[in-house]
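The values are calculated or read from the model by the stated rules, or taken from the named source; none is laboratory data. Nothing here was measured: the structure is a model prediction, and the numbers come from that model. Glycine gets a Cβ as well: all are built from the backbone with ideal geometry, and neighbour counts include every protein chain shown.
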Amino acid sequence: MNIKSSINSFLTIFLSCVFYLMSTSTLKAQVYQQTAQKSDFWEKVRFGGGLGLNFGNNFTNINIAPSAIYQVNEYFAAGIGLTGSYVKQKNYYDSYLYGASLITLFNPLPEIQLSAELEQLRVNNTYTQFTPKIEDDFWNTALFLGAGYHLQNITIGVRYNVLFKERNNVYSEAFMPFVRVYF
């Protein structure tokens, strides 16, 4: 699979999900107006995710990670997320990552949030500093266990990838700080 088709696949999946979420919201509004009854399910769905942009001297890193969770009760939530990333170090490498994750959140106390996230990524790395260039394409599975301080819609904490493998060139460390926001 070449890089252009990987990008096109990621964009197709990402845009399909965005249009699905938008059409679902529109349909929900129409049904609500017609029946004048609230759907308990949609009252408990929260949306969030992450967006990252890093630019430097011959370096670019762009991340998009939308997600949605269902708040089962005041203690437990579960949901799904999508991830897309592009990283380029000029004259060294290009990297495209895209995938999905399953997310669970547990609040034993209102201020404490524990999390588990199973993530499956397709990784397409091209090392351009070599002649000929080297392409390294593979699937990577990560299982993040985390803990954070939770205040209203925001959680700040740290998570640990129990399946971390340094040789995969996906994540530089097993421990990662995070900021999680759901509305």
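Below is a table of values for the structure above.
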| quantity | calculated |
| --- | --- |
| Residue within region 152-167 that is at pLDDT below 95, touching a strand residue (DSSP E or B) at 6+ places or on another chain (Cβ under 8 Å), of a type in the set (S, T, N, Q) and not in a strand (DSSP E or B) present | yes |
| Test: residue 98 is at pLDDT 95 or above, part of a strand (DSSP E or B), of a type in the set (Phe, Trp, Tyr) and under 25 Å from residue 71 (Cα atoms) | no |
| Residue 100 vs. criteria under 17 Å from residue 50 (Cβ atoms) and without any contact (Cβ under 8 Å) to a residue 24 or more places away in the chain | yes |
| Residue list for region 108-144, restricted to those being surrounded by 13 or more Cβ atoms within 10 Å (Cβ to Cβ), closer than 23 Å to residue 70 by Cβ and touching an Asp or Glu at 6+ places or on another chain (Cβ under 9 Å) | 142, 143, 144 |
| Single match in 6, 23, 16 (criterion: among the small types (Gly, Ala, Ser), at pLDDT below 85 and in contact with a Phe, Trp or Tyr (Cβ under 7 Å, 6 or more places away or on another chain)) | 6 |
| Any chance residue 81 is in a strand (DSSP E or B), touching a Gly at 6+ places or on another chain (Cβ under 8 Å), on the phi > 0 side of the Ramachandran plot and surrounded by 14 or more Cβ atoms within 10 Å (Cβ to Cβ) | no |
| Region 119-137 residues that are at positive phi and of a type in the set (Phe, Trp, Tyr), paired with ones that are in a loop (DSSP other than H, G, I, E, B) and modelled with pLDDT under 95 (beta carbon under 9 Å, 6 or more apart) | none |
